[in-house]
Amino acid sequence: LAGRELTSAADINDAGQIVAVGRIGREDHGFLLTPTLPMLLTQLDTTKAIAVQSVMFMRDPFTITTARNLSSDTRTRITILTRNVEVLAGESIAPPLVEAEDALHRTVSLPVEFVGKVSRASWLTQIVVRLPEELDGVGELQLRVSFRGRMSNQGAVRVQ
């Protein structure tokens, strides 16, 4: 912001909040910088998650296993797109947690296999998750991403 200058960071907590020191005009001040919430990208005017099968880039409905796979376990991997999931250089932090909730409100953690920036769109983060067997045939799922102790919005995908 205009007229504000951060001069040093003093500490960071598990929620990603940074305590910093700086100046406003000529006066020294303390600052608390709070990161924004992670955001799961959804289709415009819907709650449908932007998610594709990681090998063939096909949209849902997803199956739990697929013959078109790059690993021997035949499990389907899906790529979801998020914003505000940033890991700073040299930072040691747990990867995002991705959870799926079914219509009966059962929640399953989806194993995260890759987290990285989208080429030519560095403001986007792609997260690749493996669909576990217990989701076979559950129908619509609500996905959400947790990062630095903060929860994203929900986005729907279908598993047949």
Going by amide H atoms built from the backbone, whose H comes under 5 Å of the H on Glu140, apart from near neighbours?
Val159
Under 16 Å from a point placed 7 Å out from the Cα of Met56 along the Cα-to-Cβ direction: which residues of the stretch 109-135 have their backbone N that close?
131
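Arg150: net charge of surrounding residues, Cβ under 14 Å, Lys/Arg +1, Asp/Glu -1, itself excluded? All intermediate terms of the calculation are to be shown ahead of the outcome.
On the way: positive: Arg83, Arg144, Arg148; negative: Asp14, Glu86, Glu99.
Local charge sum for Arg150: 0.
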Signed unit charges on C-beta, dipole axis of the chain, positive-most listed residue Ala121, Leu41, Leu70:
Ala121
Quick check for you: with a 1.4 Å probe and neighbouring chains kept, what is the accessible area per residue of the chain, in Å²?
60
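Cβ under 14 Å from Val21's Cβ, Val21 left aside: what net charge do those residues give with Lys, Arg +1 and Asp, Glu -1?
Details: positive: Arg4, Arg23; negative: Glu5, Asp11, Glu27, Asp28.
It works out to a net charge of -2.
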Count the net charge of all other residues whose Cβ sits under 12 Å from the Cβ of Thr66, scoring Lys and Arg as +1 and Asp and Glu as -1.
+3
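List the relative contact order of the chain as a percent without decimals, with contacts defined as Cα pairs under 8 Å and 6+ residues apart. Working shown, then result.
Details: 352 pairs, mean separation 37.4, N = 160.
Relative contact order comes out at 23 percent.
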Given (1) 0.96; (2) 1.40; (3) 1.25 as possible values of Cα Rg over 2.2 N^0.38 Å, the one from the coordinates is (3)
Keeping every protein chain in place, order Lys117, Lys48 by accessible area at 1.4 Å, biggest value first, i.e. largest first.
Lys117, Lys48
Distant-in-sequence amide H partners of Thr42 (H built 1.01 Å from N, under 5 Å):
Ile50
Taking θ = phi - 60°, what integer Hz values does the Karplus form 6.51 cos²θ - 1.76 cosθ + 1.60 yield along the stretch 122-130, in sequence order, with x for Gly and Pro?
4, 7, 9, 10, 9, 10, 9, 10, 9
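Can you compute the charge dipole magnitude of the chain about its Cα centre, using +1 on each Lys and Arg Cβ and -1 on each Asp and Glu Cβ, nothing else charged? Give it in debye, rounded to the nearest 20. All intermediate terms of the calculation are to be shown ahead of the outcome.
Working: 17 positive and 18 negative charges, 102 e Å.
Dipole magnitude for the chain comes out near 480 debye.
When the accessible area of the stretch 66-160 is split by element with a 1.4 Å probe, what percent falls to carbon and sulfur?
Values: 2610 of 5240 Å².
Ligands and nucleic acids excluded, carbon and sulfur give 50 percent.
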Could the peptides 81-94, 125-138 be put in order, highest first, of the mean number of other beta-carbon atoms found within 10 Å of their residues?
125-138, 81-94
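The values are calculated or read from the model by the stated rules, or taken from the named source; none is laboratory data. This structure is a prediction, so every number in the text was calculated from the model and none was measured. Cβ coordinates were reconstructed from backbone atoms using ideal geometry, including for glycine residues, and neighbour counts include every protein chain displayed. Just so you know, the surface numbers come from the protein's heavy atoms only, side chains and all, with ligands and any DNA or RNA stripped out. Shrake-Rupley method; radii C 1.70, N 1.55, O 1.52, S 1.80 Å.
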